[in-house]
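Worksheet: one structure, shown below.
The values are calculated or read from the model by the stated rules, or taken from the named source; none is laboratory data. From a predicted model like this one, the values you see are computed outputs, not experimental measurements. Counting neighbours? That spans all protein chains shown, and the Cβs are built from the backbone with ideal geometry, glycine included. Accessible surface areas use protein heavy atoms only, side chains included; no ligands, DNA or RNA. Shrake-Rupley method; radii C 1.70, N 1.55, O 1.52, S 1.80 Å.
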Amino acid sequence: MGRTSRKRSTLANRAIVASAALILGGGGLIAVNVYASAGEGASGSPPGRTWNTGTQMSTIDCPDVGNELPDVPDEARWEVDRELAAMDTQITDAYQQFADRKDEISRDPNLAENAVLGPLKAKRTASIDRIATAVERNADRPQGLDGLAPCSLRADDNNHDGGGYGAGDGQGQDAGQDAGQGNDQGADQGQGGDQGADQGQGDDQGQGQDGGQDGDNGQEQQGNGPEASDFVDIQSVQPNVDRPRQRRGASRGTFTTDCGRNENGKFNPDNVIVAPGVSNGAHHMHDYVGNQANDAFASDDDLANGDTSCRNQGDKSTYYWPVLRLQNGTAENDAEADGGGKDQNIGEIQTPSQVTLKFVGNPTGKVTAMPRFLRIITGDAKAFTNGDANANASWSCTGFENRQLKDKYPICPDGSQVVRSFAFQSCWDGQNTDSANHRTHVAFAQDNGRCPNGFRAIPQLVQRIVYDVPPGPGFAVDSFPEQLHKPVTDHGDFINVFDDNLMKKVVSCINGGRKCR
């Protein structure tokens, strides 16, 4: 299938939006407090290397308050989610100030602290206080949140030598992809282990190209990333896929659901999981397949009653991910809209040439049914500034899927297509369909394939998305502006809306070792 551009059916109105960042072009130099992120933690300015005066700054680094809120009473959840979205709006405003005054800031570094970072800290402090107050109405007031208010500037440290990429807590790529794979997936699903520090093998990575800043047609791309060092020739990467061993009693079957490739062009920049009720809560455009009722305001009832693009009408689940754009200077319909050009996401949206949605089993035992309306986010849309503890996307090329990349985009040879893959969390806590930070109610299997204590194995969603794009740099996924379109920020979202009968079939097929559709 050739490359196609699908125009969005709806574009959300401007409202509360998510994070933001700044590229200080033209050699803008900053001399304020700036750090290199060193993995996910409680601060956007973790202890680490301080950049010297003269370093060119690339982005705003703010602590992710949502990641530090694992326990929020249900009664306070809506108010907290809205406040978190408001904090993202504050960063967006700070981004705009940087963009509008970058020349002044390059001449007067103190302006960044006095006019942008200082006021941003004050606004974040007030929001954090409102979050703590909302929680306190129904539970103990959370402690230690005030330290999350300050933000900093940081450079695009693509070498990640501060301990960022490759530093994880077992919830990231390796844990998710070393377990539960091998159920008829193999290299096709792009599930490799040990994909962190050993990747990005390339001869100068950029191969003398402009890293997507110039498209094949010679038109200059006016975005804020990616850069040449974000790409690597897949042929220079060593095979790194390690299939886990299946044990006696493993659930070896599969269930594949066909929901199309978003040929009908359903796009919006919402995220009903993270920012319900907030237009443009994702700050980037999503592809949607499956449920057609999904937007920021969709309730469970809306999803249950919505149409679906899935061939089996019993699957009204919603599957969505950031669009991939060809950075060729072509203006999309959203060039002046939220989630698109207004949020530094520009270029021609690519419809996948192939989308595979497969549910697989567990290498150590049987799986149990997912609860209806279970929400799972895999990967971290803010992994560039948070660190890669929750990163969980793989990049490769057809014909080379035993070589998987985590923090680089692949340069594929002629005749090969770009592949992005997600292996979702496969363990559920048995109680909750969501959690305050949208992570702790699900988990990846451990290295031995078993679920952590208190969790049970469920069918694991494995997504494989293929694109026919020109060889070489010149494409990127949509991202929050401050994430600079880094491949490590790729992520996927899923809400289970299988009907009960079809979910029983899924479990029966997987546990019975059959291949079903």
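Structure above, values below:
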{"item": "Cα shape, segment 259-352, gyration tensor, a/c 1.5 rule", "result": "oblate"}
{"item": "Accessible surface ranking that places the most exposed of Glu482, Glu113 first, with a 1.4 angstrom probe", "result": "Glu113, Glu482"}
{"item": "Estimated distance in nm for a label pair at Trp78 and Glu136, the labels positioned 7 Å out from Cα along Cα-to-Cβ", "result": "2.3 nm"}
{"item": "Segment 215-307 - percent of accessible surface contributed by carbon and sulfur, probe 1.4 Å", "result": "39 percent"}
{"item": "Carbon + sulfur, % of accessible area of segment 380-517 - ligands and nucleic acids excluded, 1.4 Å", "result": "41 percent"}
{"item": "Computed over segment 412-473, Kirkwood Rh from alpha-carbon pairs, angstrom", "result": "14.0 Å"}
{"item": "Separation of alpha-carbon centers, segment 447-484 and segment 240-305, rounded to whole Å", "result": "12 Å"}
{"item": "Cα gyration tensor category, rounded, prolate or oblate, for segment 53-143 with a/c compared to 1.5", "result": "prolate"}
{"item": "Accessible area (Å², 1.4 Å probe, nearest 10) - Glu104", "result": "80 Å²"}
{"item": "Ranked packing of 467-479, 449-461, most packed first, by mean Cβ within 10 Å", "result": "467-479, 449-461"}
{"item": "Hz values of 3J(HN,Hα) by residue in segment 72-80 - Karplus curve (6.51, -1.76, 1.60), Gly and Pro given as x", "result": "10, x, 3, 5, 9, 4, 4, 5, 5"}
{"item": "Relative contact order [Cα under 8 Å, 6+ residues apart], segment 372-424, whole percent", "result": "35 percent"}
{"item": "Accessible surface of Asp74 - all protein chains present, 1.4 Å probe, nearest 10 Å²", "result": "120 Å²"}
{"item": "Solvent exposure ordering (accessible area, 1.4 Å, most first) of Asp500, Asp490, Asp258", "result": "Asp500, Asp258, Asp490"}
{"item": "Residue pairs, from the table Lys408/Lys505; Lys121/Lys342; Lys342/Lys406, whose Cα atoms sit over 31 Å apart", "result": "Lys408/Lys505"}
{"item": "Accessible area in square angstrom per residue, segment 336-482, 1.4 angstrom probe", "result": "25 Å²"}
{"item": "Counting all C-alpha pairs of segment 356-406, share separated by more than 13 Å (%)", "result": "75 percent"}
